[in-house]
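Contents: one structure, followed by commentary.
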Amino acid sequence: MKITVIGTGYVGLVSGTCLADVGNDVLCLDVDAEKIRILKEGGIPIFEPGLDAMVKANVDAGRLRFTTDVEEAVAHGLLQFIAVGTPPDEDGSADLQYVVAAARNVGRFMTGYKVVVDKSTVPVGTADKVQAALAEELAARGESIDYSVVSNPEFLKEGAALADFMKPDRIVVGTEDPRAIDVMRELYAPFQRNHERLLVMDVRSAELTKYAANAMLATRISFMNELANLSERLGADIELVRKGIGSDPRIGFDFLYPGAGYGGSCFPKDVQALIRTAHAAGHDLKVLQAVEDANDAQKSVLTQKIVKRLGEDLSGKTIALWGLAFKPNTDDMREAPSRVLIADLLARGARVRAYDPVASHEAQRIFAGETRIDFVDKPMLAVQGADVLAIVTEWKEFRAPDFPAIKALLKTPAIFDGRNLYDPAVPRRAGLEYFAIGRL
Ligand SMILES: NC(=O)c1ccc[n+]([C@@H]2O[C@H](COP(=O)([O-])OP(=O)(O)OC[C@H]3O[C@@H](n4cnc5c(N)ncnc54)[C@H](O)[C@@H]3O)[C@@H](O)[C@H]2O)c1
């Protein structure tokens with residue numbers, strides 16, 4: 001099938017590449033000329049495991065191309081996937097300007113039937129706005145051309161995006177238009193050979209499903225973070241509590257890890273956007289507001305622990321930092337807890353020596369001109385000459401460090417672990433002080 005992907009970011013590039021990989025003819029469009037230049041020259045603008053090889057294979061096979069030419073992109077695909085960003089507006093609601101602009105472009109240049117698919121995470125009612133934008137542009141041209149608008153939210157996880165796209169748990173398709181349902185079934189047939197995973201529903205339910213999924217996952221994290229903080233006060237160990245409740249199949253073990261707060265490009269903005277959608281509909285989502293408040297507070301928990309140990313004034317201190325990305329296997333630092341921690345530490349006069357396997361270049365961009373952060377390319381180089389070590393991202397390579405070497409290198413041998421990576425007895429046996437989240 002001929003497919004155009006509008007917006008070649010994390011979701012657009014992964015979706016376009018996976019769709020090409022099963023044999024489709026995919027053209028990815030972006031307004032960011034630099035991004036398209038990198039892709040055309042064989043580079044990859046983001047870090048996602050396995051993506052570079054898959055992009056290369058499909059480009060070499062002639063199934064995947066990149067462009068900044070809107071007219072060419074609209075002409076190409078029967079399917080027009082909208083995968084542009086939906087960042088938070090000033091009040092937290094989703095900013096739909098990029099989605100609407102993408103839809104307008106389709107309306108401006110389409111010459112035949114198109115299935116316009118919202119893959120971006122968009123509030124309930126967006127499909128109506130996309131439809132209106134298409135209709136307005138066609139009316140302005142005096143044209144009457146058929147089109148269908150479909151909601152097809154994306155559930156991939158950064159860091160495991162290719163596997164998630166190739167083997168989805170479910171594929172939500174929101175439309176009641178039989179012609180569009182047929183196209184979507186044909187498109188997704190290669191991704192569900194084992195059993196049917198397509199859930200066809202009305203557009204509004206599909207749009208809400210995506211927010212409901214992220215809101216539920218964020219709720220589990222904030223719930224565990226609150227219980228972890230309570231465990232510290234009560235002298236309980238949250239890791240034992242986690243095992244104790246996760247073994248209940250109604251609860252399960254996934255997404256029950258306490259930590260330094262959730263971040264990333266999705267949970268924070270999607271929780272906020274759903275709260276705003278509810279307000280606009282005259283309904284208060286009390287649980288979700290608490291989820292957001294708890295998460296905001298959680299991002300300062302590591303700083304509080306460091307301050308409790310080293311004092312309010314951190315001037316003259318150097319904090320080693322392991323992990324910058326909001327989670328492992330990505331270089332994405334949007335809303336990452338590390339950003340809040342770094343800002344808190346710098347504000348208290350500290351310096352930071354940071355290590356991350358892939359996100360340092362992104363951090364350098366974010367903290368451009370900040371001279372109090374040193375970026376190093378080995379974990380132990382961060383520890384060298386630092387006062388204490390803080391861990392914010394659970395990269396695999398941090399799981400079994402050389403604790404005696406860390407003890408020897410730190411001025412105050414203490415680890416502040418925002419991801420509960422270790423059995424507390426192990427670093428303590430090496431003579432380190434060990435502070436985790438909700439642990440004894
Ligand atoms: N990142 C994730 O893990 C993830 C997962 C599921 C859903 N989503 C949702 O998918 C959407 C995209 O997220 P992302 O992380 O890929 O964003 P991103 O910022 O990485 O990519 C968006 C891209 O769209 C481009 N763009 C903006 N306007 C355009 C236009 N009019 N025409 C062509 N290109 C345009 C931007 O230049 C950018 O490259 C968001 O709604 C997000 O919530 C993201």
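Just a few scattered comments:
- For the chain: rounded, prolate or oblate by the Cα gyration tensor [a/c cutoff 1.5]: prolate
- Here the range 384-440 has 52 percent of its accessible surface on carbon and sulfur atoms, given a 1.4 Å probe and all protein chains in place.
- One chain, two ends: Ser144 and Asp52. Fully extended at 0.36 nm per residue, the span grows by 29.0 nm beyond their Cα-Cα distance.
- Remark: the range 412-425, residue by residue, has Karplus-estimated 3J(HN,Hα) of 10, x, 9, 10, 10, 9, x, 10, 6, 7, 10, 5, x, 5 Hz, where x stands for each Gly or Pro and the curve is 6.51 cos²θ - 1.76 cosθ + 1.60 at θ = phi - 60°.
- Between the helical axis of 10-21 and the longest alpha-carbon principal axis of the chain there is an angle of about 60 degrees.
- Accessible surface area normalised per residue over the chain is 43 Å², counting heavy atoms of protein chains with a 1.4 Å rolling probe.
- Ordering of 199-212, 312-325 by burial proxy (mean other Cβ atoms within 10 Å per residue, highest first): 312-325, 199-212
- Environment charge at Phe398 (Cβ cut-off 11 Å; Lys +1, Arg +1, Asp -1, Glu -1): -1
- Protection proxy ranking for 410-420, 169-179, 330-340, using the average of other Cβ atoms within 10 Å per residue and placing the highest first: 330-340, 410-420, 169-179.
- Folded to 0 to 90 degrees: helix 337-347 orientation relative to the chain principal axis, Cα: 50
- Where both bridge residues fall in the chain, DSSP classifies roughly 5% of the beta bridges as antiparallel.
- Taking the longest Cα principal axis of the chain as reference, the axis of helix 286-298 is set at about 50 degrees.
- When only Cα pairs below 8 angstrom with a gap of at least 6 residues are kept, the chain shows a relative contact order of 12 percent.
- Candidate cross-link partners of Lys308 among the lysines, defined by an alpha-carbon separation under 22 Å and a same-chain spacing of 8 or more, comprise Lys299, Lys317, Lys407, Lys411.
- The range 277-353-the range 98-126 distance, computed between alpha-carbon centres (Å): 36
- Gyration tensor verdict on the range 291-359 (Cα atoms; rounded if a/c is under 1.5, prolate if a/b is larger than b/c, oblate otherwise): oblate
- With the simple model of a label 7 Å out from the Cα in the direction of the Cβ, Asp284 to Lys378 spans 5.6 nm.
- Taking 0.36 nm per residue of separation and subtracting the Cα-Cα distance, full extension of the segment from Val31 to Ile366 would add 118.5 nm.
- Summing Lys and Arg as +1 and Asp and Glu as -1 over all other residues whose Cβ lies under 12 Å from the Cβ of Ala273 gives a net charge of -3.
- Under the shape rule built on the C-alpha gyration tensor, where the axes satisfy a ≥ b ≥ c, the range 6-62 is rounded, since a/c falls short of 1.5.
- About the centre of its Cα atoms, the range 371-423 shows a dipole size close to 60 debye [charges on the beta carbon of Lys, Arg (+1) and Asp, Glu (-1) only; nearest 20 debye].
- The apolar share of the surface of the range 211-273, taken as the fraction of accessible area on carbon and sulfur atoms (1.4 Å probe, ligands and nucleic acids excluded), comes to 64 percent.
The values are calculated or read from the model by the stated rules, or taken from the named source; none is laboratory data. Computed from a predicted structure; not experimentally measured. Neighbour counts are summed over all protein chains in view; Cβ atoms, including those assigned to glycine, are modelled from backbone coordinates with ideal geometry. For the accessible areas, the whole protein counts, side chains as well, though only heavy atoms, and no ligand, DNA or RNA atoms are used. Shrake-Rupley method; radii C 1.70, N 1.55, O 1.52, S 1.80 Å.
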